[in-house]
1. Condition (residue is small (Gly, Ala, Ser), closer than 21 Å to HIS38 by Cβ, touching a Phe, Trp or Tyr at 6+ places or on another chain (Cβ under 9 Å) and modelled with pLDDT under 90) applied to region 68-90: is it met by at least one residue?
2. Exactly one condition in (1) among the charged types (D, E, K, R); (2) in contact (Cβ under 8 Å) with a residue 24 or more places away in the chain; (3) closer than 20 Å to GLY18 by Cα; (4) loosely packed, with under 12 Cβ neighbours inside 10 Å is false for ARG125; which is it?
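The values are calculated or read from the model by the stated rules, or taken from the named source; none is laboratory data. Just so it is clear, the structure is predicted and the values come from calculations on it, not from any experiment. Cβ placement follows ideal geometry from the backbone for every residue including glycine, while neighbour counts extend to all protein chains displayed.
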Amino acid sequence: MVYLQGDLGAGKTTLAQGFLRECGVSAPVRSPTYSLVHSYALERETVVHLDLYRLRAPEELEHLGLTEWAQPGCLWLIEWPERGAGSLPQADLTVALGLTRGGHEAHLSAASASGEAWLGRLAARPGARGS
């Protein structure tokens, strides 16, 4: 469960698109702003990309059929998770994006052992910088 937070234009969708491309998705990756959810079946897992910007109330999530993806082997990328507060599972990893004078900035924080493992793997990559 990855929460993508930030203001409009901070890069949430762009980050999700880049992530999905790196996972091997070759089909067009569009923002699910109007449909609220897109799923991508990969070789080892399914990635579920949600954009909750248009959600009026957290209870609306019940009508999206998300329970089928609330299982091992599914990775969720959730834009605007605060709009689903109380109806979403807790994040494993939160990516807070922002704009600065020099470009974009990302702060990552973990809220579970799985999230900590992700951060550990990211920090071990060549060229990784702390935030």
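1. Checked against the condition, which is being small (Gly, Ala, Ser), closer than 21 Å to HIS38 by Cβ, touching a Phe, Trp or Tyr at 6+ places or on another chain (Cβ under 9 Å) and modelled with pLDDT under 90, region 68-90 yields at least one hit.
2. So the condition that ARG125 fails would be (2).
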